[in-house]
Structures are given as C-alpha cells and as structure tokens.
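Throughout, read-outs are computed from the coordinates displayed, never taken from laboratory work. Just so it is clear, the structure is predicted and the values come from calculations on it, not from any experiment. Note that we place each Cβ from the backbone using ideal geometry, even for glycine, and neighbour counts take in every protein chain shown.
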Amino acid sequence: MTAPALIIGGGLAGAGLAVSLATAGRAVTLIERETRAQHKVCGEFISAEAMLYLRDLGIDLDGLGAVPIDRVCLFAGERRAAAYLPFSARSLSRYALDEALLNRAVRCGARVLRGHKAIGVERDEGGRRWRATLDDGTSVSASEIFLATGKHDLRGWKRPPGSQNDLIGFKLHWRLAASQAQALSGAVELFLFPGGYVGLEPVENDVVNLCLVVRRRTLFARGQSWQTLFASLLKSCPHLRRRLDGAQPCWPRPLAIGAIPYGFVQRRADGLWRLGDQAACTPSFSGDGMSIALHSARLAAQYFSQGYDARTFQARLSQDVAPQVQRATLLSQMLLQPFGQKAGMTALEWLPSLLSVVAQATRLPQRRVDAARADFL
C-alpha cells in the first residue's frame, strides 16, 4: 500500500490534519488503532483558539452538545478564588469530538484505516520514502509520515523527557446530583491537593469530567491505589467532596496514563512530522492541549501543501508554542509545592483577576492562530 501522506494516530491532531489535507485535494491515509470511539485522559476544555480551528474543520460544537464555559474557580482546602475567563470556551468529551473529526475526514475524502496499529516506521534503502509496519504484518509506503499518537510513543521514536516527568494522570466521568450540576454549570473548577491537582468541568449529556494529575511518589505513598488516592483527595478538598456528594461514577474505574512529559517541546526534526503531544506537551491545568494539537495540524497541512520539509515545520511549531508551554510548566511545578499552593492562593484571593492573566499567559497567542489560519484558508 502506498500513500503520499501517512498520518499515524486519529486524535485531534491526526484527524484535523486529515480533514485539512483532504479538503485541499491531497491524497492522505490515516491509521487509527481503535475501531470505535474511545474515551481518553484529557481535561476536555476547548479554548477560543481551538473553537476557531474546529469551526474551520467543519465541526459543529453546539450540535455535538458542547457545554459553554465562561469562568474558572480555584480551591485549596477551604480557600477559594474565582474569575471570568478572558475568552469564550466550550467543553466536550474526546469520545464525541475525536469521532466527529474522524467521520469528517472520511467525508472529505481521506482514507481512514481503523483497527490498525503502526508498530514501527523506517526509511527505505534509498532514504527517499518511509515504510510503516502495521500490527497485521502489512506495510504502508509513504513520502511523508505525520506522527500524531498523542502521549503514546511509537516504538523506536520515543520523545525526549519534558521538564516535569513525575506525574500520572487519571480521568473519570461522573453524574452529579441535580443541585451540584446546576452549581457547576458554566465553570471549570480546579482543586489543589498535596502532590497534585484535579479539574472538574461539565461535558455533554449532563456529565462532568474529573481529571487529575498526581506525583508518582504521592500515588506510591498511597499504595498505588486509586481508591486510597481518591479517599485522600476528598479529605484534602472539602469543596470537591461536596460536589461529589450523591454523584455516581459513569465507569467502574478511571482511565490512567503515566510518564506524562509536561514541558516537552520538539525543537529538532528527526524526519517525521510530529503533531500534538508528540510535538509539545503542556500541563493540563492550562487547558491549551487541544488548541496546540489543532494548531500543529493546521501548520502541518500548510507547510506540507507548500512543499516545505519536516524540519521547517517543526522549527515553526516550536517557535509558536514553546513560550506558553514553558510558562505553564513552571506554574504546574509551583502548584505541586505546598509553599507554591499557599502563595498562589494568597495572591489570587487578593487579586482574583490574576486567574484571567494566568489563563491568557498559558495559551497559544491569538496572533499565531490568526497567522496560521490566514496562511491556509
């Protein structure tokens, strides 16, 4: 099998790139290991920048049931700070959003192979083409390969570590009691606890997403047990305990992911076009992961269509996203320290509008988004 452009991974970055290339008349093949929609460890926050990219891709967020978000609240114990966001936002599960993008890619003419996993890629003997080997023993030959496997590395192409590598992520959807769901409406709530932080926000179908990161040593100190960690979390976060009073989990156990390389930015090209978390991994509290993924897809479509190579693309992408990833990672490291949590809450209690400043400082700059959209539209 041959393909001018081969995308490995059907998440936001991979599916977004497939839609853009197919819409532009380019032949593109996408390999997605899952046969049907899956939940993923993600905060599921869609910023204003991500909303613009999704609209360009033909995704109707409101039609999918996305929930409007306009404010953020931060808690540490009984301490609280709140502010309105400096931009409009939405919240939608990756289960719904990824599937909508993959279906859109198919409708636009992309070839999407589901239920296939790439287990390795290599250059051919002449070095002019790539060959991806799939788990069923077949292979795909391609002029260029776009790696969009999210936080999961492809064998032989592991990313370098980030600057904050000791975190484990968990995610679990809940159905709140009616009064608590109403109180949470339109808000993202972030709770600080010793060794981590957890976010809570509504998604579609009257469900809320609980997503947290915790230091590995904190989890190990609790016997590597979700039940023990969760009991400790509720004890440390009384407001979260009240939110979940009478709530029912939607799944029997949470999703989990380890070795998250927060702070990682791919600055040097290695031959592959790296997108999404394979190019940059920003802390989840910033809510900017989706916009970075979609931005990388737009830039990749633009640079590939205009004949540039992976090296030029990777340099531009790192230039666009590195500053806010670095700022978000420094803040994430601070939020995991007891002193940092106390100092941060004191500052925000005195000046709650700092929450809006932090939200803006850890986002993809609007000028970068505008430039990428103008160059390709």
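Volume per residue, Å³, of the convex hull around the alpha-carbon atoms of the chain? Numbers along the way, then the final one.
Values: hull volume 48.2 nm³, N = 377.
It comes to 128 Å³ per residue, whole-number rounded.
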Restricting the calculation to Cα positions, tell me the Rg (one decimal) and the Dmax (whole number) of region 217-328 in Å. 19.1, 56
Karplus couplings for region 276-288 from phi (6.51 cos²θ - 1.76 cosθ + 1.60, θ = phi - 60°), rounded to Hz, Gly and Pro as x? x, 5, 6, 10, 7, 10, 9, x, 5, 5, 6, x, 10
Which whole-angstrom value gives the distance between the alpha carbon centres of region 192-226 and region 28-51? 20 Å
Low-density loop positions, trypsin sites (Lys or Arg not before Pro), region 255-337 - DSSP coil, at most 11 other Cβ in 10 Å: Arg268
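Full extension from Ser356 to Arg114: what is 0.36 nm times the residue separation minus their Cα-Cα distance, to one decimal in nm? Let's see the in-between values first.
Working: separation 242, 0.36 × 242 = 87.12 nm, distance 4.04 nm.
So the chain would gain 83.1 nm between Ser356 and Arg114.
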Degrees, to the nearest 10: 94-108 long Cα axis against longest axis of the chain: 20 degrees
Just in region 157-211: which trypsin sites (Lys or Arg not before Pro) are loop by DSSP and have at most 13 other Cβ atoms within 10 Å? Lys158
May I have the pair-distance distribution P(r) for region 297-377, computed from all Cα-Cα distances with 5 Å bins from 0 and rounded to whole percent? 3, 13, 18, 18, 13, 10, 9, 8, 6, 3, 0
Reachable lysines, given that their alpha-carbon falls under 29 Å from the alpha-carbon of Lys151 and they are not under 8 places away in the same chain: Lys40, Lys117, Lys171
Between region 61-101 and region 121-173, how many Å separate their Cα centres? 30 Å
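What Kirkwood hydrodynamic radius do you get for region 265-340 when you take the inverse of the mean 1/r over all pairs of distinct Cα atoms, in Å? Let's see the in-between values first.
Numbers: mean 1/r = 0.0771 Å⁻¹.
This gives a value of 13.0 Å.
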What's the magnitude of the charge dipole for the chain around its Cα centre, counting Lys and Arg as +1 and Asp and Glu as -1 at the beta-carbon? Answer in Debye, nearest 20. 700 debye
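DSSP loop (so not H, G, I, E, B), at most 16 other Cβ within 10 Å: list which GluC sites (Glu not before Pro) in region 17-60 pass both filters. Each step should come with its number before you reach the end.
Working: sites: Glu32, Glu34, Glu44, Glu49; in loops: Glu34, Glu44.
Answer in residue order: Glu34.
Could you tell me the convex hull volume per residue, in Å³, taken over the Cα atoms of region 177-277?
Per residue, the Cα convex hull of region 177-277 comes to 151 Å³.
Convex hull over the alpha-carbon atoms of region 1-52: what's its volume per residue in Å³? Can you show the working numbers first?
Details: hull volume 5.0 nm³, N = 52.
Output value, Cα hull per residue: 97 Å³.
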Run the quick spin-label model on Gln333 and Arg216: label points 7 Å from Cα toward the beta carbon, then report their separation in nm to one decimal. 1.7 nm
Here the alpha-carbon Rg of region 116-189 over 2.2 N^0.38 Å rounds to 1.84
Over every pair of different alpha-carbon atoms in region 1-144, take the mean of 1/r and invert it; report that Kirkwood radius in Å. 17.0 Å
